[in-house]
Amino acid sequence: MKKNVLLSIIVPIYNVEKYIGSLVNSLVKQTNKNFEVIFIDDGSTDESMQILKEIMAGSEQEFSLKLLQQVNQGLSSARNIGILNATGEYIFFLDSDDEIETNFVETILTSCYKYSQPDTFIFDYSSIDEFGNALDSNYGHGSIYRQKDLCTSEQILTALSKDEIPTTAWSFVTKRSVIEKHDLLFSVGKKFEDTNFTPKVFYFSKNIVVISLRLYRYRQRSGSIMSKHPEKFFSDAIFVTYDLLDFYDQYKIRELGAVVGRSVMTTLSSFPDSKKLYNELNPIRKKVFKDHISIEKRHIKRIKMYVFSSYVGYKLYSLVKGKHWKGI
């Protein structure tokens, strides 16, 4: 009899021949094999798929494996295909140029039993360079990873609005039922697709376990095309921010408003020289202003009131805050 799969790991693949070997090895070496991997070939034109097939053919993997293919449609589409084909109780989105620690699945399974199957898990991460060497990282390693082990959605959204946890889809594991019940899918054809997906998962997760361990290895790659041609991504940034605002308008809780405000400021800091983008997002900035600063301490409120008050203020914020989004 086929055993029930605890975890479905969804891995879109597009031209990552330099890194696919490291990713697959991190899966093969998992200390617990109660998972399935769904690889989605998003129209790769390099040797990624050939390398993947050769590694899998030469290893004795004990986990379930699915290999799907589609004409290149982008990361969001590939992830959505993975969701539709997942059979695990939980879903995890793994980027194909990154890795997971060998105890990733075992830690999730142990925590699942300990906390009676919570809706979602979040966990910390480490940064590595293109060769797998450790790097310093400052974004997202908030105190929530050390202070609590069981949180409400409001607490996690608050932490998200303060940049204490990443917005990235690889920063959590969630129940498949949470995604399916609320028809959550990634926005196809858009960059920054995590920005308007992750907060929705956290909102609908009523009990969230925080794991203090750094279970994910995020690879920082050089040559971001976003930094070279930022104007190509303005419309996508505006789209996902307005989509998140629509979600906030539907549920009207302060913590979501704070997340929208954080999204606006992160977007602006990614394109600090665009007055046009500032003017496009200014209506959102004004709408969620009170929610965004209401959860902060007094001295932080004063800073954010200045930052939110003018184009010059947000440009200064950009210089201090830096860019958090992963290079594309």
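The values are calculated or read from the model by the stated rules, or taken from the named source; none is laboratory data. As the structure is a prediction and not an experimental result, all values here were calculated from the model. To get the accessible areas, we keep the full protein, side chains included, count just its heavy atoms, and leave off ligands, DNA and RNA. Shrake-Rupley method; radii C 1.70, N 1.55, O 1.52, S 1.80 Å.
By a straight-distance test (C-alpha under 17 Å), which aspartates and glutamates pair with Lys275 as possible cross-link partners, with residues fewer than eight away in the same chain excluded?
Once the sequence-local aspartates and glutamates are set aside, what remains near Lys275 is Glu231, Asp236.
Keeping all protein chains in place, calculate the accessible area per residue for region 130-189 (probe 1.4 angstrom), answer in Å². Could you put the intermediate results ahead of the total?
Numbers: 2840 Å² over 60 residues.
Value returned for region 130-189: 47 Å² of accessible area per residue.
What percentage of all Cα-Cα pairs in the chain are separated by more than 26 Å?
Roughly 47 percent, rounded to a whole number.
Calculate for the chain the 222 nm mean residue ellipticity that helices alone would give, adding -39,500 (n - 2.57) per DSSP H run of length 4 or more and normalising by residue count, nearest 500 deg cm²/dmol. Don't skip to the end; give the middle numbers.
Details: 15 runs with 148 residues, N = 328.
The helix-only estimate for the chain comes to -13000 deg cm²/dmol at 222 nm.
Looking at this model, which pairs from Lys114/Lys287; Lys29/Lys114; Lys162/Lys286; Lys181/Lys252 are more than 30 angstrom apart at the alpha-carbon?
Result: Lys114/Lys287 exceed 30 Å.
Calculate the length of the line joining the C-alpha centroid of region 268-299 to that of region 131-150, in whole Å.
So the separation of the two Cα centres works out to 25 Å.
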